[in-house]
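Reviewing the structure listed below.
What follows is calculated from the coordinates using simple rules that are stated; it is not laboratory data. Keep in mind that what you see is a predicted model, and the values were worked out from it rather than measured. Quick reminder, even Gly has a Cβ in these numbers, built from the backbone with ideal geometry, and neighbours come from all protein chains shown.
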Amino acid sequence: MASKMLWATRAASYLRISVVHRGFSTVLKDLKYADSHEWVKVNGTAATIGITDHAQDHLGDVVYVELPEVGASVKQGDSFGAVESVKATSDVNSPVSGKVVEVNEELSNSPALVNSSPYKDGWIIKVEMNDSGELKNLMDSEEYSKFCEEEDSKH
Amino acid sequence: MRGPLKLEVWKMGFVNYLEALKLQEKLVSDRKLCRIPDTLLSLQHPPTYTLGKRRTDHNLLIPESELKNIGAELHYTQRGGDITFHGPHQAILYPIISLREMGLGARNYVEKLESTMIELSSLYGVKACAGKKCETGVWVGERKIGAIGVRISSGITSHGLAFNIDPELEYFKHIVPCGITDKEVTSLRRETSTALPSEEVIQEQLISCFARLFGYNTVVQKENPSILSDHEEIA
């Protein structure tokens, strides 16, 4: 566990991202988070979206990812696709509204990328946002960490 | 921690698959809006083959046109999992519950569904266990006694589990059940030497196992549950 964290911290500083370790799930500092456990990385009006480490851990091994069509509209809080794991299909919701400009085709061949690299190679869609103001409805990394802890303590 | 958890059980008897599906869609929507508590449908279906979101219809071994001749329907659904068969003498539970309120993820939810069927089996001296990786479901040795296929939408569940009390196992010969070749399907009747009570009793026990494993402290039965009555109900 210690060596894993050391590696992660080294990798994080190499990639110049800040990492918060909340026990078992990783939360990245520069991202925004929805309460349905999706993350969004914003660069101007371009948004990259995926599911969080907490989400992939609670799902189990992902065996299938249903992707939207490029050009499809997405709305904050609405489902745009789904992932299947342990005989359960779980809807994935968009943290922002806009138009899908790219989908991660790699996930059709390697759905497990969602588990192994939820914030990087396991990204799901890229969206051109039409309302950056919506970002204020999302959580930052600290709020999201706390949210996960509260959820996990329910049972 | 958590407040008191209430479960409302609908004992529905024999229900056509599509009607049950439409009812679930309405209940999921109601549950999302907190109009209803966690709800559990307990029922059986007429002979029906169903496919999951991945549409693995290559696992149906007879032509679709033949299905009518054997008295079965085929339906495509949004649930997880592969092809399966539902029919008389198979106990089905469709929980419409809020995983978010419980703080449960998909994996834990499915494990609890497996435990529900394992516990029921043990009441009859049958030692069942959960499937290994990629083989979600409940097994007695190499034989499958219970199947799971679930949909989770905004944290609300639909579809659920199917436990073989004593279904006509011949129907399973027309599919590669759950996409797993070279494994048999079995039933409680086949695995136990205990005399079985009525199916109503077994279904009631299945509901009890579910309620206990999920920590419900209040279980109420809905009076006169029907497909139609709630569509007409004024909220």
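Computed values, structure above
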| quantity | calculated |
| --- | --- |
| Using θ = phi - 60° and Karplus 6.51 cos²θ - 1.76 cosθ + 1.60, couplings along segment B:201-213 (whole Hz; Gly, Pro as x) | 5, 5, 5, 4, 5, 4, 4, 4, 4, 4, 4, 5, 5 |
| Proxy reagent accessibility, fewest Cβ within 10 Å first, across B:Arg151, B:Arg35 | B:Arg35, B:Arg151 |
| Amide hydrogen neighbours beyond the local backbone of B:Lys144, cut-off 5 Å, H modeled | B:Glu184, B:Val185, B:Thr186 |
| For A:Thr89, residues with placed amide H under 5 Å, excluding near neighbours | B:Gly80, B:Val150, B:Arg151, B:Ile152 |
| Spatial separation of Cα centroids for segment A:75-146 and segment B:10-51, in angstrom | 29 Å |
| Under 18 Å from the Cα of B:Lys68 - aspartates and glutamates, other chains or at least 8 residues apart | B:Asp57, B:Glu168, B:Glu170 |
| Backbone HN-Hα couplings from phi across segment A:88-103 [Karplus 6.51/-1.76/1.60, Hz, Gly and Pro as x] | 10, 9, 10, 5, 10, 9, 8, x, 9, 9, x, 10, 6, 10, 7, 10 |
| Whole-Hz couplings from phi, Karplus 6.51/-1.76/1.60, listed for segment A:78-85; x for Gly and Pro | 9, 6, 10, x, 8, 10, 10, 8 |
| Sequence-distant residues sharing a close amide H with B:Leu40 (under 5 Å, placed H) | B:Glu8, B:Val9, B:Trp10, B:Ile96 |
| Sequence-separation-based contact order of chain B, relative, with Cα cut under 8 Å and 6+ spacing, percent | 26 percent |
| Average other protein chain Cβ within 10 Å of Cβ, residues B:101-112 | 6 |
| Within segment B:1-106, percent of DSSP bridges classed antiparallel, to nearest 5 | 40 percent |
| Dipole magnitude (debye, nearest 20) for chain B, charges at Cβ of Lys, Arg, Asp, Glu | 840 debye |
| Exposure proxy order (Cβ contacts within 10 Å, fewest to most) of B:Phe85, B:Phe214, A:Phe147 | A:Phe147, B:Phe214, B:Phe85 |
| Antiparallel DSSP beta bridges within the protein assembly as shown, percent to nearest 5 | 75 percent |
| Exposure proxy ranking, count of Cβ atoms within 10 Å, fewest first, for B:Ile96, B:Ile227, B:Ile156, B:Ile165 | B:Ile227, B:Ile165, B:Ile156, B:Ile96 |
| Calculated [θ] (222 nm, deg cm²/dmol) that DSSP helices of n ≥ 4 give over chain B, each run adding -39,500 (n - 2.57) | -7500 deg cm²/dmol |
